[in-house]
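The values are calculated or read from the model by the stated rules, or taken from the named source; none is laboratory data. It should be emphasised that the depicted structure is a prediction, and the values quoted were computed from it without experimental measurement. A quick note on method: Cβ atoms are made from the backbone with ideal geometry, for glycine too, and the neighbour counts reach across all protein chains shown.
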Amino acid sequence: MTRYTMSHWGVYEVEHDAVGHPRLLPYSADPDPSPIGLHQLSPELMRLRIRKPAIRESWLRQGPGAAPERRGKERFVEVDWETAIDLVAKDIDRVRKQYGNSAIFGGSYGWASAGRFHHAQSQVHRFLNMAGGYVRHQDSYSLGAAHVIMPHVVDGMNELISYHHTWDVLADHTRLFVTFGGVPAKNAQSSPGGVGRHRVKDGLAAMRAAGTRFVNIGPVSDNLETGGEVEWIAARPNTDTALMLGLAWVLRTENRHDSAFLATHCVGYEKFEAYLLGATDGEPKTPQWASVITGVPTDRIIALAREMSQVRTMINVQWSLQRAKHGEQPFWMAVTLSAMLGQIGLPGGGFGCGYGPANTIGTPHEKLGGPTLGQGRNPVKDFIPVARIADMLLHPGEPFAYNGMTYHYPDIKMIYWAGGNPFHHHQDINRFLQAWQRPQTIIMQEQFWTASAKYADIVLPVTTSMERDDLGYASQEAVLVWMSKIIEPVGQALSDYEIFRRLAARLDVEEAFTEGRTEEQWLAHMYQGTVERYAKYGIHLPDYERFREQGIIDLDHRKKSVVMLDAFRQDPISAPVNTPSGKLEIFSEIIAAFGLDDCAGHARWQPPHEWLGAPLARKFPLHLLSDQPRNKLHSQLDGSPLSAGGKIQGREPVYINASDAASRGIDHGDIVEVFNDRGRCLAAAVISHQIMPGVVRMSTGAWYDPEPLTGRDKHGNPNVLTADVGASMLSQGCAAQSCLVEISGPLRNAPSVTAFELPSFIALAAVEAG
Ligand SMILES: Nc1nc2c(c(=O)[nH]1)N[C@H]1C(S)=C(S)[C@@H](COP(=O)(O)OP(=O)(O)OC[C@H]3O[C@@H](n4cnc5c(=O)[nH]c(N)nc54)[C@H](O)[C@@H]3O)O[C@H]1N2
Ligand SMILES: Nc1nc2c(c(=O)[nH]1)N[C@H]1C(S)=C(S)[C@@H](COP(=O)(O)OP(=O)(O)OC[C@H]3O[C@@H](n4cnc5c(=O)[nH]c(N)nc54)[C@H](O)[C@@H]3O)O[C@H]1N2
Ligand SMILES: [Mo]
């Protein structure tokens with residue numbers, strides 16, 4: 001009887017060796033399994049586990065608010081669970097009585113682990129709701145700009161993701177696949193909640209075999225492997241909108257645009273056209289104009305536009321494009337450009353918002369809805385756009401704009417985090433460190449001694465998916481997995497649920513939190529809900545006991561081809577898109593009425609504050625891309641052998657073009673310093689012809705590792721360099737990809753990496769003695 005587990009990287013089978021040690025193997029039905037998840041039981045990771053509840057020394061001695069500047073620098077005192085629960089419960093009660101629940105930030109962003117019951121976000125939100133509520137976050141780091149702009153233009157991002165053309169439709173019909181930012185196989189290893197079968201590699205191979213031509217536009221070329229030829233058009237980072245405008249100009253002036261489609265299925269094209277042709281701003285968006293901005297030769301733009309108008313074309317944009325200043329624009333412009341081509345709703349034509357970033361896009365499986373844990377009701381109305389956390393902490397009471405409205409930042413006294421690593425994910429860590437000193441108490445529920453745990457006041461150790469039973473499910477992945485517990489909890493770690501149950505008991509809301517159920521009863525209850533829901537679709541799931549025995553329910557046979565927006569194309573009146581007009585909004589009256597300087601009523605080119613054309617590029621002449629890491633998920637499993645194998649002398653690689661390396665005297669493998677006015681970090685140079693001159697690329701995920709005196713990161717965390725600014729006043733999304741830096745080196749005698757050292761501890765007895 002095979003046992004299984006599920007992770008964001010896929011399903012794994014559990015095997016025991018002769019002496020009974022468990023190990024993980026790829027799911028045998030997965031054609032392209034990810035190696036990331038194989039390392040979840042590695043001893044290198046075990047060493048980094050948090051084993052006991054721990055309290056920062058000054059906080060324990062002097063109480064909340066003590067010496068906040070010493071966070072991250074102080075010793076911890078390990079205490080028993082009873083003491084830890086007592087301290088946390090009392091402090092939650094103190095804060096809510098003294099300041100109200102809007103002084104508690106429980107936004108707590110992060111991917112945590114797969115599994116539907118032990119879903120850290122649901123658990124922390126459910127608990128805090130029972131305790132009177134919390135300040136939440138809106139949108140995600142992934143798609144901050146897209147989540148806000150796309151509902152104005154076509155539909156919500158979550159909805160869009162669920163009905164892209166399936167890969168078979170692309171292979172059968174798409175003759176030209178133009179992608180901005182490749183289709184990175186590294187990214188498609190993961191999907192939030194898990195992956196049933198990895199389908200991107202086969203999907204691309206089938207397109208190649210069917211004769212699809214691939215054009216990859218962007219600053220790097222190592223992000224699209226089809227097994228065949230790919231044309232790379234090197235374009236400066238953050239200039240995709242300008243390039244699309246140049247293409248649009250050719251379509252319009254050569255009369256290659258589909259005016260019938262624009263009239264019947266879209267609103268506001270004329271207003272956009274006036275901008276395109278220069279009537280509104282005196283600047284026609286010609287291919288020459290686009291060439292100067294993007295660095296792409298004029299002829300290439302003209303030829304590509306003509307080709308796009310002649311064959312079935314898919315225009316694909318990666319999520320990275322919108323994780324930038326004015327990140328709304330390339331997404332809006334991709335819809336506008338494909339509307340001009342008039343192929344939206346035809347098989348294999350139109351636009352794709354992210355073939356590549358996650359496995360799900362292009363899935364042939366229907367959206368059924370899996371097991372979920374109810375979060376209850378949050379009486380607190382305050383929220384922040386997720387990436388505005390430092391602004392909130394630094395500017396309590398001040399106004400901020402979001403999607404046409406003005407709100408105010410709450411005054412946060414307590415942060416409660418479960419399932420995320422802000423010292424990984426947030427931009428401009430040096431600024432974030434200032435903000436992090438504002439709250440009186442910071443509680444972190446974690447599995448590993450990440451920087452975020454080291455910078456907390458109270459650290460509570462949590463089990464991993466290896467140590468608990470759970471239900472594995474991800475939207476449209478067609479599997480339901482009984483995630484069986486593989487090993488006993490490490491140290492004194494408890495599940496997030498058990499920690500919150502104990503806290504709820506101390507705060508007299510245990511019954512509301514548990515509804516009288518044990519963990520085991522919750523799993524059975526959530527599964528039963530799924531059985532009933534699926535029955536309505538005619539899917540008869542086995543009973544709970546059978547499911548547990550079987551370990552996996554694989555619904556892969558239930559697939560169908562999807563043609564994105566075909567019903568809308570056939571009849572936009574009876575099958576409208578989900579916008580105010582029911583049509584594709586090339587011009588949005590609503591956004592125009594917001595009157596924002598940085599987001600007009602139609603897509604337009606607006607230079608970011610930092611890009612290769614900015615005045616700042618004279619001082620910092622390299623554009624830094626901080627993309628998602630190949631060998632891990634964000635900062636998760638950075639300590640694993642797989643991640644370590646991708647480093648050089650223990651540092652994160654920074655990819656640099658040979659000409660940029662030569663002019664700085666840098667050789668392959670040198671330790672270099674990457675810097676700008678916000679911060680500095682060390683990294684290892686990798687010379688590559690797959691990155692254009694003027695651009696460097698460093699993946700995220702290396703655990704933050706500051707030198708005590710200078711604050712320089714020794715390991716290669718790009719977020720000491722990125723800017724903490726909103727994409728625009730519209731979305732306030734994360735804008736990490738707009739960042740200029742300089743690189744110097746090589747560095748002799750670089751300080752050693754200490755990111756994987758555990759914090760120092762002092763015995764409780766020593767604290768109690770004085
Ligand atoms: N410069 C730059 N920065 C970026 C990005 C970028 O492109 N460039 N990308 C952004 C994006 S898209 C994202 S999504 C974010 C990702 O940022 P995060 O989601 O915060 O990153 P993770 O490393 O996945 O952090 C998850 C943490 O949860 C912990 N954890 C796992 N399972 C559990 C559990 O069951 N319970 C508890 N309590 N904890 C658990 C893990 O140990 C880990 O420390 O980063 C963003 N930051
Ligand atoms: N292995 C692994 N997979 C992951 C993740 C992970 O951490 N590890 N994270 C997951 C998450 S949370 C998310 S949100 C998705 C993110 O998915 P994306 O945001 O799409 O991923 P990135 O790796 O940041 O960027 C994709 C490609 O776009 C390129 N690029 C960057 N800026 C520009 C630009 O301005 N123009 C153009 N044309 N190209 C550009 C990058 O160099 C990179 O090759 O990935 C998911 N998949
Ligand atoms: Mo993300």
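So the values come out like this:
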| read-out | value |
| --- | --- |
| Leading residue by the ranking (farthest from LEU160 (Cα to Cα)) among those in region 570-579 that are out of contact with any helix residue (DSSP H, G or I) (no Cβ under 6 Å at 6 or more places or on another chain) and touching a residue at least 12 places away in the same chain (Cβ under 8 Å) | GLN570 |
| Residue match in region 236-249 (condition: within 16 Å of ligand 3 (Cβ to nearest atom) and touching a residue at least 24 places away in the same chain (Cβ under 8 Å)) | no |
| Matching residues in region 294-321 - criterion: being among the polar types (S, T, N, Q) and within 16 Å of ligand 1 (Cβ to nearest atom) | GLN318, SER320 |
| Region 632-651 - residue that is within 13 Å of ligand 2 (Cβ to nearest atom) and charged (D, E, K, R) and, of those, surrounded by the most Cβ atoms within 10 Å (Cβ to Cβ) | ASP638 |
| Region 404-415, residues that are surrounded by fewer than 24 Cβ atoms within 10 Å (Cβ to Cβ) and not in a loop (DSSP other than H, G, I, E, B) | MET405, THR406, TYR407, HIS408 |
| Filter pass, ASP139 being among the acidic types (Asp, Glu) and within 16 Å of ligand 1 (Cβ to nearest atom) | yes |
| Matching residues in region 621-648 - criterion: being within 16 Å of ligand 1 (Cβ to nearest atom), out of contact with any helix residue (DSSP H, G or I) (no Cβ under 7 Å at 6 or more places or on another chain) and not in a helix (DSSP H, G or I) | HIS623, LEU625, PRO629, ARG630, GLN636, ASP638, GLY646 |
| Whichever residue in region 142-178 is more than 16 Å from ligand 1 (Cβ to nearest atom) and of a type in the set (Ser, Thr, Tyr) and, among such residues, is surrounded by the most Cβ atoms within 10 Å (Cβ to Cβ) | THR174 |
| Close pairs (9 angstrom Cβ cut-off, 6 or more residues apart or separate chains): within 17 Å of VAL562 (Cβ to Cβ) in region 150-166, aromatic (Phe, Trp, Tyr) and in a loop (DSSP other than H, G, I, E, B) anywhere | ASP155/TYR163 |
| Region 501-533: number of residues that are more than 16 Å from ARG116 (Cβ to Cβ) and either part of a helix (DSSP H, G or I) or outside the structural domain of ILE85 (by TED's automatic domain parsing) (or both) | 11 |
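Per-residue answers, yes or no, for (1) assigned by TED's automatic domain parsing to the domain that holds PRO357; (2) farther than 16 Å from ASN187 by Cα; (3) more than 16 Å from ligand 3 (Cβ to nearest atom); (4) in contact with a Ser or Thr (Cβ under 9 Å, 6 or more places away or on another chain):
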{"site": "GLU610", "(1), (2), (3), (4)": "no, yes, yes, yes"}
{"site": "PRO621", "(1), (2), (3), (4)": "no, yes, yes, no"}
{"site": "GLN628", "(1), (2), (3), (4)": "no, no, no, yes"}
{"site": "ALA644", "(1), (2), (3), (4)": "no, yes, yes, no"}
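Yes/no matrix, rows are residues, columns are (1) in a loop (DSSP other than H, G, I, E, B); (2) in contact with a Ser or Thr (Cβ under 9 Å, 6 or more places away or on another chain); (3) in contact (Cβ under 8 Å) with a residue 24 or more places away in the chain; (4) not assigned by TED's automatic domain parsing to the domain that holds ARG70:
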{"position": "ALA683", "(1), (2), (3), (4)": "no, no, yes, yes"}
{"position": "PRO693", "(1), (2), (3), (4)": "yes, yes, yes, yes"}
{"position": "HIS715", "(1), (2), (3), (4)": "yes, yes, yes, yes"}
{"position": "SER731", "(1), (2), (3), (4)": "yes, no, yes, yes"}
